[in-house]
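A.B. asks: A single structure is presented below for examination.
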Amino acid sequence: MDQHPRKSEDVLADLKQRRDRDPDIHGGRLFGLVYPSGRDDIEQLIHDVYEQFLFHNALNPLRFPELNVIEREVIEMTATLLHRTPTERHAGSVTSGGTESILMSMLVNRERARAKGVTEPEILAPASAHPAYAKAGHYFGMKLVQIPLDENFRADVAAARSLVTANTAVIVANAYSYPHGAMDPIEDLAQLAAEWKIACHVDACIGGFVLPFMEEMGIDVPLWDFRVPGVTEISVDIHKYGFAPKGSSVILHRDDDWAWLQTYFYSEWGSGLYATPAIAGARAAAPVVASWAIMKYLGVEGFTEITAGLIEATTRLLSAIETIDGIDVVGKPIGPLVALSSETLDLFGVGDELEKRGWHVNRNSDPRGLHLMLSPVHAPLIEELIADIRESVASHSASTSDEVRYS
Ligand SMILES: Cc1ncc(COP(=O)(O)O)c(C=O)c1O
């Protein structure tokens, strides 16, 4: 820290300069990481909520009972969207993000397995599952067993069947997957889990605030939520397609009793009972309240309207890709996430060319190619993106780097 204070204008100017060196999060040139709604009214609402709740702490529900009720309403609204029948105890919690939601679910599943005498619990997850499952395995002493993918990059159910053992604590399914936008065969995987009397966790971190509204639009979406018997947990991020600022995800449990296994209680320290439902102690209330406000403000109709724009943009992109020689869409993406591969073109080179045109396109390693996660902010730019993909294909040279990072 500097010895002497600085003027706030100086500090802010310094920060603005630094921020402006990074990509513009509202510019529609980034894919994933941020999910701009493209709507000033939604962003203004979030700013107003933050002004009211900037310094609130969601740690202690007894001290801030109203905040606690708001949080429970966020859980209930999300659970209702995903067709969980109402429970009295609001089984689930708001966490800081998809990773924490997944960690909490895996912890609960480890405890479930332990209660049955399993000493070396395993997570059986599609090879496309998010690294958070591997992280959970690393943190909680669980082995990650990968389910190979079928020709459409969905978990192969027959392979899953051959990999379940008495040690399997939970089967994971994506709704939908990050690498390929693929919807796993959730009814089949959940049935397999039910046969073994084990948990089935659906990762709807991306799809949780997209698929219900696609269904609302009349699109045929395979069942994936609590309507599927055997699905026991769902992780769903409000800070992705729910458009909340970072720090908002929900982990839902079908069964109240298991949900309590993620809550940690401690009182042997001289300051009384300390209880937390997830990893964090003190935690920001603002993302929780912003989530509540966005859901109330948009309602199902508002979200459906936004999703319709997203799906239209995705459809236009997919149709355009079909007309470009040498590029293939990976598998059968269900939502606004398109992975591209090629047998003839160096798509990383195409990515370099797109980068020169200002698009920060992500890369996939398997299959090697490009990864585009669309947000509403991309809709008005979709023709420009398509034109730039065409030009980049026509003018690209060999890729400058083979590096693939999750970004
Ligand atoms: C399918 C899926 N699950 C989980 C996560 C983890 O979410 P977070 O980055 O909020 O921890 C992501 C993040 O992109 C994801 O795509």
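The values are calculated or read from the model by the stated rules, or taken from the named source; none is laboratory data. Everything numeric in this text was worked out from a predicted model, so none of it was measured. FYI the Cβ positions are ideal-geometry reconstructions off the backbone, even for glycines, and counts take in every protein chain you see.
A.B. asks: Please specify each residue of region 99-126 satisfying the condition of being small (Gly, Ala, Ser), within 16 Å of the ligand (Cβ to nearest atom) and either over 20 Å from ALA190 (Cβ atoms) or not in a helix (DSSP H, G or I) (or both). Break it down stepwise before answering.
C.D. replies: Applying the first criterion (small (Gly, Ala, Ser)) to region 99-126 yields 101, 105, 113, 115, 117, 125.
Cutting the leftovers down to within 16 Å of the ligand (Cβ to nearest atom) gives us 101, 105, 125.
Passing the criteria: only ALA125.
A.B. asks: ARG112 - would you say it is of a type outside the set (Gly, Ala, Ser) and in the same structural domain as ALA278 (by TED's automatic domain parsing)? Step through it out loud before you land on a result.
C.D. replies: Values: of a type outside the set (Gly, Ala, Ser): yes; in the same structural domain as ALA278 (by TED's automatic domain parsing): yes.
Yes.
A.B. asks: Restricting to region 281-316, name every residue that is more than 19 Å from the chain's Cα centre (by Cα), under 27 Å from PHE153 (Cβ atoms) and buried (at least 20 other Cβ atoms within 10 Å of the Cβ).
C.D. replies: ALA313
A.B. asks: Same structure, new question: Can you report the number of residues in region 26-70 which are surrounded by 14 or more Cβ atoms within 10 Å (Cβ to Cβ) and under 15 Å from GLY242 (Cα atoms)?
C.D. replies: 12
A.B. asks: Sticking with this one: Inside region 212-231, can you point out the residues that are touching a Leu at 6+ places or on another chain (Cβ under 9 Å) and acidic (Asp, Glu)?
C.D. replies: The one that is touching a Leu at 6+ places or on another chain (Cβ under 9 Å) and acidic (Asp, Glu): ASP225.
A.B. asks: List the pairs whose first member sits in region 378-407 and is farther than 21 Å from GLY309 by Cα and modelled with pLDDT under 95, whose second member is within 16 Å of the ligand (Cβ to nearest atom) and not β-branched (Val, Ile, Thr), and whose Cβ atoms are under 6 Å apart, counting only residues at least 6 apart or on separate chains?
C.D. replies: Between residues of region 378-407 that are farther than 21 Å from GLY309 by Cα and modelled with pLDDT under 95 and residues that are within 16 Å of the ligand (Cβ to nearest atom) and not β-branched (Val, Ile, Thr), the close pairs are VAL404/ARG363; VAL404/SER365; SER407/ASN362.
A.B. asks: Quick one: what pairs do we get from region 278-293, first residue part of a strand (DSSP E or B), second surrounded by fewer than 21 Cβ atoms within 10 Å (Cβ to Cβ), C-beta under 8 Å, 6+ apart or different chains?
C.D. replies: These pairs meet every condition: ALA284/HIS56; ALA284/ASN57.
A.B. asks: Residues of region 60-95 being touching a strand residue (DSSP E or B) at 6+ places or on another chain (Cβ under 7 Å) and assigned to a loop (DSSP other than H, G, I, E, B), which ones? Working first, answer last.
C.D. replies: Going through region 60-95, the residues touching a strand residue (DSSP E or B) at 6+ places or on another chain (Cβ under 7 Å) turn out to be 71, 74-75, 78-79, 82, 84, 91-95.
Listed by number, the residues that qualify are LEU82, ARG84, ALA91.
Every residue, every condition in (1) more than 13 Å from the ligand (Cβ to nearest atom); (2) closer than 21 Å to ALA115 by Cβ, yes or no:
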position: VAL202; (1), (2): no, no
position: PHE213; (1), (2): yes, no
position: ILE219; (1), (2): yes, no
position: VAL231; (1), (2): yes, yes
position: GLY247; (1), (2): no, no
position: HIS253; (1), (2): yes, yes
position: THR263; (1), (2): yes, yes
position: GLY272; (1), (2): yes, no
position: PRO277; (1), (2): yes, yes
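A.B. asks: Of all residues being among the charged types (D, E, K, R) and buried (at least 22 other Cβ atoms within 10 Å of the Cβ) in region 167-224, which is nearest to PHE153 (Cα to Cα)? Just the residue, please. Show your work before the answer.
C.D. replies: Let us first name the residues in region 167-224 that are among the charged types (D, E, K, R), namely 184, 187-188, 195, 197, 203, 215-216, 220.
Keeping just the survivors that are buried (at least 22 other Cβ atoms within 10 Å of the Cβ) gives 184, 203.
On the way: ASP184: 8, ASP203: 16 Å.
Here the answer is ASP184.
A.B. asks: Now, a different point. Pick out the one residue from ALA129, ALA175 that is under 19 Å from TRP196 (Cβ atoms) and within 15 Å of the ligand (Cβ to nearest atom).
C.D. replies: Values: ALA175 fails: under 19 Å from TRP196 (Cβ atoms).
Sole residue among the options that is under 19 Å from TRP196 (Cβ atoms) and within 15 Å of the ligand (Cβ to nearest atom): ALA129.
A.B. asks: Could you say which residue among GLY32, GLY98, GLY137, GLY141 is in the same structural domain as ASP188 (by TED's automatic domain parsing), on the phi > 0 side of the Ramachandran plot and not aliphatic (A, V, I, L, M)? Reasoning before the result, please.
C.D. replies: On the way: GLY32 fails: in the same structural domain as ASP188 (by TED's automatic domain parsing); GLY98 fails: on the phi > 0 side of the Ramachandran plot; GLY137 fails: on the phi > 0 side of the Ramachandran plot.
The conditions single out GLY141.
A.B. asks: Identify all residues within region 201-231 that are free of Cβ contacts under 8 Å to residues at least 40 places away in the same chain and either under 18 Å from LEU374 (Cβ atoms) or more than 17 Å from the chain's Cα centre (by Cα) (or both); write none if there are none.
C.D. replies: In the first step, residues of region 201-231 are kept if they are free of Cβ contacts under 8 Å to residues at least 40 places away in the same chain; the result is 202, 215, 218, 220, 222-223, 229.
Of everything in region 201-231, those that are free of Cβ contacts under 8 Å to residues at least 40 places away in the same chain and either under 18 Å from LEU374 (Cβ atoms) or more than 17 Å from the chain's Cα centre (by Cα) (or both) turn out to be GLU215, GLY218, ASP220, PRO222, LEU223, PRO229.
A.B. asks: Okay, next question. Within region 132-156, how many residues are part of a strand (DSSP E or B) and within 16 Å of the ligand (Cβ to nearest atom)? Spell out the reasoning first.
C.D. replies: Applying the first criterion (part of a strand (DSSP E or B)) to region 132-156 yields 143-147, 149, 155.
Filter again for within 16 Å of the ligand (Cβ to nearest atom), leaving 144, 146-147, 149, 155.
Looking only at that region, the number is 5.
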